[in-house]
Amino acid sequence: MARFTTHIPPPCDEAVTVIHADDEVLVVVKPAGLLSVPGRFVKDCVLHRLVFDYPDAAIVHRLDLDTSGLMVLTRTLRSAQGLSAQFRERQVEKEYVALVWGRLDPASGTIDFPLAPDPVARPRHLVSEQGREAITHYEVLAVEAGSSRVLLRPKTGRSHQLRVHLSHLGHPILGCDLYAHPEAFAAANRLCLHASKLGFSHPATGEWVEFESPVPF
């Protein structure tokens, strides 16, 4: 029988920052420790915080609770359909920066391990030949004291993909409560994963737009 976590995160006092708003889309920076959408026990989330000022806002993708960084929300049905299609067809460009345990060798490459839900420890996922395709391109930006700063470009968008892929390589993300060994978990006071760049075709104009967010760790 699967075990489900009942972890209730502490309240998140950091604000959601709106960096772009037009009649079709919102682009925001989500703080670490805040849900994207309401959870079973905690209702505070990106969506609930935004609907006071933007009652038409809708979620088309999510970031994990402990991941910070860029998210795009839609404000019209046209934008919701258009951006959902772009995510589904892998036309959205996403970049993340992470601090990981140890030194990655080689310094750049592609991680290609299929992923599936862990049948006995939800919400964890694991590498499984019966899982769905999951591909992550990576590049080491710098080697720091006992860790590497890594640029990640996921081609697919599986749940926990970046965390599982790096942990499977033996280089878990610092501060990760689900996949890091005790030393890597204790090495940071938060999950060191940030969605730093987001690019997509604007659903109204077709123009390619890109947004960046400074890495907070």
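For this structure, a couple of remarks:
- Cα gyration tensor shape for the stretch 28-74, rounded if a/c is under 1.5, else prolate or oblate: oblate
- Proxy reagent accessibility, fewest Cβ within 10 Å first, across Tyr54, Tyr138: Tyr54, Tyr138
- Straight Cα distances below 23 angstrom link Lys94 to the lysines Lys30, Lys155, Lys197, with same-chain residues fewer than 8 positions distant left out.
- Computed from the C-beta positions of Arg149 and Val127, the FRET efficiency with R₀ = 25 Å rounds to 0.55.
- Computed from the C-alpha gyration tensor, the three semi-axes of the ellipsoid equivalent to the stretch 8-92 are 22, 14, 12 Å, from longest to shortest.
- Exposure proxy ranking for Cys176, Cys12, based on other Cβ atoms within 10 angstrom of each Cβ and starting from the fewest, stands as Cys12, Cys176.
- Protection proxy ranking of 149-158, 70-79 - average other beta-carbon atoms within 10 Å, highest first: 70-79, 149-158
- Evaluated at q = 0.10 Å⁻¹, a Debye calculation over the C-alpha positions of the chain (equal weights, vacuum) places log10 I(q)/I(0) at -0.44.
- Nearest-ten-degree value, helix 77-88 long axis tilted from longest Cα axis of the chain: 20 degrees
- Dipole of the chain computed with +1 at Lys/Arg Cβ and -1 at Asp/Glu Cβ about the Cα centre; of Ser79, Val150, Leu174, farthest Cα towards the positive end is Leu174.
- Per-residue ellipticity at 222 nm computed for the chain from its helices equals -3500 deg cm²/dmol, with DSSP H segments shorter than 4 residues left out and the rest contributing -39,500 (n - 2.57).
- Cα point-scatterer Debye curve for the stretch 145-207, base-10 log of I(q)/I(0) at q = 0.28 Å⁻¹: -1.33
- Relative exposure of Arg103, Arg163, judged by other C-beta atoms within 10 Å (fewest first): Arg103, Arg163
- Projecting the Cα atoms of Val46, Leu193, Gln161 onto the dipole axis of the chain, where Lys and Arg carry +1 and Asp and Glu carry -1 at the beta carbon, places Gln161 farthest toward the positive end.
- The stretch 42-84 and the stretch 96-115: distance between their alpha carbon centers, rounded to Å: 28 Å
- Looking at the stretch 96-193, the pairs of alpha carbons with a distance over 24 Å make up 15% of the total.
- Spin-label model, Val37 to Asp23: label points 7 Å out along the Cα-to-beta-carbon direction sit 2.7 nm apart.
Readers should treat all values here as calculations from the given coordinates under stated rules, not as data from a laboratory. It should be emphasised that the depicted structure is a prediction, and the values quoted were computed from it without experimental measurement. Positions of Cβ are backbone-derived with ideal geometry, glycine not excepted, and every protein chain shown enters the neighbour counts.
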